[in-house]
Every structure is written in structure tokens, then in C-alpha cells.
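The values are calculated or read from the model by the stated rules, or taken from the named source; none is laboratory data. Since the model is a prediction, treat every value here as computed from it, not as a measurement. All Cβ positions, even for glycine, are placed from backbone atoms using ideal geometry, and neighbour counts span all protein chains on display. Heavy atoms of the whole protein, side chains included, go into the accessibility calculation; ligands, DNA and RNA do not. Shrake-Rupley method; radii C 1.70, N 1.55, O 1.52, S 1.80 Å.
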Amino acid sequence: MAAAAVPLRALRRLCPVLLFLSQFYILSGGESTDIPPYVMKCPSNGLCSKLPADCVECKTNFSCVYGKPVTFDCTVKPSVTCVDQDFKSQKNFIINMTCRFCWQLPETDYECSNSTSCMTVSCPRQRYMANCTVRDHIHCLGNRTFPKMLYCNWTGGYKWSTALALSITLGGFGADRFYLGQWREGLGKLFSFGGLGIWTLIDVLLIGVGYVGPADGSLYI
């Protein structure tokens, strides 16, 4: 009995050492337990044909005719599971799409960054370089992130109706210009009594047609 207890006691002492070595092996990269980042976008056991573009790899053909329907052979990426119409597990499938590059998609199919440093009220109307990304479930050719020139269309929260009402009622005191952040013009109207009424009438017309806007260059809401 004593002889049998010696190996058992030694095994108990060895177990913590083996456990420590196995954890060290995993943490050092010997065995990767990381989940690919694209898996978070991929619904489990959904239809393969409905998977987001980041979850599949397709053999695209760039010589297809623009605007025409086209089919591509696709394969799901590792760690992604999906099914066909009969709810059977599937790895290879076909998707139907329209032959066009990502930058040729309608504006509703991608999202772009906004700029708050350009003037929306200017002549000619200013543009800015935006970074656009295609929505997850839209399939297209080429890079899914692309630059594009867009018109300035941001707003600072100024209301056109408020500016016009101030211009009609208190425009002689420069209230409309103060509201729009144009304090120099506001002071000029205040101390000149609205330019003896002439400046006030002109501002009513300019604000009414949208020619005069917020000082920060944003659009009315």
C-alpha cells in the first residue's frame, strides 16, 4: 500500500505543473483560441446566400457587363456556418448580383463619413473628400471602402424658420444675425437701427431664399 501511494502522490504534485505548462503554451501562441473578427457579423446557421460580404469569399469576374445580372461562386470563410434552402449545411454556393463596382452603387447602399469643416452655404457649393463603406449585405466588385467627393450637407442645428421669424420681427436689432452666429453684422444692424430699415428688408429676402445661412457654414434644419 505504501509503495502504491508514492506514485499517486508524485502524480498529484505533477498535475499543477502540467496545467501551468499547458496554459503557458496557449498564452504564448502555441494554440490559437481567438475568434476571427468577421465571425461577429455572420449569423449562425443562416442562409448562405444572405450572409454579409465579409463572411464569404467569391470568385469574381471583372469582365462582366456593367448593369447586367451575374452569378459568382462563393465559399464561406472558416468558422462560419450556414445552410441552404433545405436547411442543410453548406460551404459552397452561388450568389446573384448586379455587375458593378462598389463605388458605382446607389447612395443608399453605402455609408460615408461627414465633414464639419466645409461651407454648405457657398457659391459654388463646396464638396469634401469622404471615406465610404459598403453596407454589410451588399455585394459588389472591387474595394468595399472607397473615397468619394460629396457635397457639404452637415447641420449645426440652426432652424430656417427661427432665423426668418427673427429677421421679420427683430431684424432691426440684428437678432437674426446674432442667432446665425454673425455677431459683427448683428452689431452693425443694432447700432444702425437695421440700416434705417433697408438692411432689415434685404436680410428678410436673403434669409427667406436661403442665401444667408449660419456662420459655421452648416445647413438649416
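Across every pair of non-identical alpha carbons in the stretch 124-221, the mean reciprocal distance, once inverted, gives a Kirkwood radius of 15.5 Å. Distance between the 7 Å Cα→Cβ label points at ASN45 and ILE94: 2.8 nm.
Taking the accessible area of the stretch 89-219, probe 1.4 Å, and keeping the other protein chains in place, the carbon and sulfur fraction comes to 62%.
Per residue, the convex hull spanned by the Cα atoms of the stretch 121-181 measures out at 123 cubic angstrom. Label separation (PHE87 vs ASP136): 2.3 nm, computed from points 7 Å beyond Cα along the C-beta direction.
Taking the Kirkwood radius as Rh and the Cα radius of gyration as Rg, the stretch 82-152 has a ratio of Rg/Rh equal to 1.20. Across the stretch 28-105, Cα-Cα distances exceeding 22 Å account for 35% of all pairs.
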